[in-house]
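Chemist: Here it is, the structure in full.
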Amino acid sequence: MKEFYTLISKKIYYSVVFMIMALIMIGLLLGNPRFGEYDAGYMLHIGLAIVLIACLLLYPKYEHHIFRIIIIVVASAFLYTIFFLYPETRSTFIFLCFIPAISILFFDSKLFYFSLLFNGLSFTIIFNYIFLMDHDNVYVYFKQDLVGNVINFLASQAIIYLIYHFTNVRMRKQKLYYEQLQNSERLKTTGQLAAAVAHEIRNPLTVVKGFLQFYREKDTAFDDEAKGHFTLMIDELNTAEQVISQFLSIAKPDKNIKMELVNVKVILQSVTDLLRSYGLLHDNTIELNVDDNCFICANSIEYKQLMINIIKNAIEASNLGDSVTVNAKRKNDFVEMEVIDYGCGMSEAEVAALGTPFYSLKSNGTGLGLMICYHIIEKYNGTISFQSSEGKGTTVTLCLPAIKPV
């Protein structure tokens, strides 16, 4: 399906490019006052047209930031060249006003601001040239209403900025909605799966474990080595039951769970004290920085479980001797918590897959711990986000609604 939509997108793109090529060729050949003279200006027009068309045709194969900048610069040079070569064509001024609109098509904020600034500087140079150097009145239509044309240019830039701003805001909201929908679907799918199979798995496990315990404790027909094997099997069954319990905690109803005023500083101090010895096993330290005015309404056990999972993951992702930093502060109507490690980090694809059932970057991990974290965060109307860079570490940011203590 993805390949199908990619194919359609490329077809649309190349169709638009061929239309642009046709318009450029018409402008070069039909009704062009310089056609047939082949002077330096006309050759420059042809050269920039060829370079621009080549860039547009090659862009799908080289979709990176530098190539986008090249397209913007070449397109700007092409349109400004037309403005200078054909001063009698007044519509060329309109094209200059809408050069930044090209960058909106790339959905790149840095490129848009670069294009806006570049176009502003270029227009300033043209304005000064016409005002100071155009003694032959080549641009008489421009000079007749110089202030009005400047205002029109500034207004067009403002309109383009507003279009970009509202489009960008809408795209961010859609992206956030899509991420929330993905998380919701993950939780829904996991809950349905848990409700369907967890009890059926737990029942035979309980029976098998009971008989193993019975034979280990009571039956004298087995030697110590065999009973040691029983102990090992029981331990593995306990592990399996623990995984099932974690799985069920996502699906089971918890409407009667006790909600209370939680002092984030107290809980985080308790959690870091608990995990400090675990960190020392890996020669890792935990640095805690918490403001005093951080209070939320939650179940203290669930909140503690949430932070233990996040901080424990940060310790396990850290390199030997690294520190893990835990920050918490009041930010508007939320308490914002950050857990920062300087370990191996993750790629964008790995970050996008976090929270998926049974997806884990640890060799012995199940992925259910982070799945439960998503569940708790969603239940308390909070957010969780990951900023990670491979080889540099990860920052986990959690936001939960803040309340004032009575």
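Chemist: Can you pull the semi-axes for segment 8-95, root of five times each eigenvalue of the Cα gyration tensor, sorted largest first, whole Å? Intermediate values should be presented prior to the final figure.
Modeler: Details: eigenvalues 124, 41, 29 Å².
They are 25, 14, 12 Å, listed from largest to smallest.
Chemist: Along the Cα→Cβ direction, 7 angstrom out, place labels at H282 and Y215. What is the inter-label distance in nm?
Modeler: The two pseudo-label positions are separated by 3.8 nm.
Chemist: Amide H of A298: which non-local residues (sequence gap of 5 or more, or other chain) have their own amide H closer than 5 Å, using H built in the peptide plane?
Modeler: E260, V262
Chemist: Suppose each label sits 7 Å from its Cα in the direction of the beta carbon; what would the M25-Q269 distance come out to in nanometres?
Modeler: Rounded to a tenth, the inter-label distance reads 7.7 nm.
Chemist: I'd like the carbon and sulfur percentage of the solvent accessible area for segment 47-120, probe radius 1.4 Å, heavy atoms only, ligands and nucleic acids excluded. Provide the component values of the computation, followed by the final result.
Modeler: On the way: 2730 of 3570 Å².
Accessible surface attributable to carbon and sulfur in segment 47-120 totals 76 percent.
Chemist: So between E378 and T231, what do we pick up on full extension, going 0.36 nm a residue minus the alpha carbon distance?
Modeler: Gain on extension, E378 to T231, equals 49.0 nm.
Chemist: Could you work out how far apart the two model spin labels at S91 and V51 are, taking each label as a point 7 Å from the Cα in the direction of the beta carbon, and quote it in nm?
Modeler: 2.5
Chemist: If you count, for each residue, the other Cβ atoms within 10 Å and average over each peptide, how do 137-147, 116-126 line up from highest to lowest?
Modeler: Details: 137-147: 13.4, 116-126: 15.5.
Highest mean packing first, the order is 116-126, 137-147.
Chemist: With r defined as the distance between the Cβ atoms of H64 and S347 and R0 fixed at 25 Å, what FRET efficiency is calculated, to the nearest 0.05? Intermediate results must be reported in sequence, preceding the final value.
Modeler: Details: r = 17 Å, r/R0 = 0.69.
The value I calculate is 0.90.
Chemist: Can you classify segment 270-357 as rounded, prolate or oblate using the Cα gyration tensor, where a ≥ b ≥ c are the square roots of its eigenvalues, rounded means a/c under 1.5, and otherwise it's prolate if a/b beats b/c and oblate if not?
Modeler: It is oblate, given that a/c is not under 1.5 and a/b is not larger than b/c.
Chemist: Provide the FRET efficiency to the nearest 0.05 for the N152-V73 pair, computing r from the beta carbons and using R0 = 22 Å.
Modeler: Efficiency, from the Cβ-Cβ distance: 0.40.
Chemist: Another question about this same structure. At 1.4 Å probe size, with no ligands or nucleic acids counted, give the accessible surface of R34 in Å², nearest ten.
Modeler: 60
Chemist: Can you give the accessible area of H165, probe radius 1.4 Å, in Å² rounded to 10?
Modeler: My reading of the accessible area for H165 is about 80 Å².
The values are calculated or read from the model by the stated rules, or taken from the named source; none is laboratory data. The structure presented is a predicted model; accordingly, all values stated were derived computationally and were not measured. Neighbour counts are summed over all protein chains in view; Cβ atoms, including those assigned to glycine, are modelled from backbone coordinates with ideal geometry. The area values use the complete protein model at the heavy-atom level, side chains included, leaving out ligands, DNA and RNA. Shrake-Rupley method; radii C 1.70, N 1.55, O 1.52, S 1.80 Å.
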